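Bear in mind that the values in this text are calculations on the coordinates, not laboratory data. Bear in mind that the values here come from a model prediction, so they are computed numbers and not experimental data. Quick reminder, even Gly has a Cβ in these numbers, built from the backbone with ideal geometry, and neighbours come from all protein chains shown.
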């Protein structure tokens, strides 16, 4: 057995998500087919609890939309120079350490290669992020990742429209005991911002984004007592 969160967008009140930790039958193995069996088990539990359409957000998803929304695949395009890079490379290339970074050359790399770059392990303690001249703190824990992911999603109009028909989102690779950031969580936050009608205001600046999601971040479980890597 294993547990994974189901992220359900809030559609009224303060924007954010509800996290439903679900227990399901786990199918061991690294093969994509095994991951997809586990995804089916997880979604069956969610359906039994009354949740309708659920979308797996990962490269292991059975749904092409979920694969496209993986941070390894979802792209950011700069307005000025039309440079294109993935959310994953943007996240990794924005990290600032006590002995180096940000390593902006990672922006132009393959997502997996960027994530495994040895400098990310050998540059000391992570102290923050810098993205196109703007500094971001480590806390709230998912703030920076949510900011870049949701901006990327909002600028991919077709994908952004499709996610609105789902009631919840999962990521089979995400283990809340080992990791902080989760692409399924970011998608759920995006949907919540849209449903409540504050997306435009939230994306007007990082400061407004943080203010609008202040209540969500104050109550986010992963902000408390977790010492694991932010990678």
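Quick notes on this one:
- Measuring between their Cα centroids, the range 77-116 and the range 141-198 lie 19 Å from each other.
- Per-residue extension of 0.36 nm, minus the Cα-Cα distance of residue 158 and residue 201, leaves a gain of 13.4 nm for this segment.
- Along each principal axis, Cα extent of the chain, largest first, Å: 48, 41, 36
- Mean Cβ count within 10 Å, highest first, over the residues of peptides 159-170, 142-153, 74-85: 142-153, 159-170, 74-85
- Note on the range 1-69: the alpha carbon radius of gyration divided by the globular reference 2.2 N^0.38 Å gives 1.17.
- Taking the alpha carbon gyration tensor of the range 110-159, multiplying each eigenvalue by 5 and rooting it gives semi-axes of 23, 16, 9 Å, largest first.
- The range 47-134: relative contact order in percent, alpha carbon pairs under 8 Å with at least 6 residues between: 20
- Estimated distance in nm for a label pair at residue 63 and residue 48, the labels positioned 7 Å out from Cα along Cα-to-Cβ: 2.1
- Modelled FRET efficiency - R0 25 Å, residue 211 with residue 122, Cβ distances, 0.05 increments: 0.10
- Summed over qualifying helices (DSSP H, 4 residues or more, each -39500 (n - 2.57)) and divided by its residue number, the chain shows a 222 nm mean residue ellipticity of -10000 deg cm²/dmol.
- Using alpha carbons only, the radius of gyration of the range 1-131 set against its Kirkwood radius gives Rg/Rh = 1.05.
- The chain: relative contact order in percent, alpha carbon pairs under 8 Å with at least 6 residues between: 24
- Residue order, fewest to most surrounding Cβ atoms within 10 angstrom, among 118, 172: 118, 172
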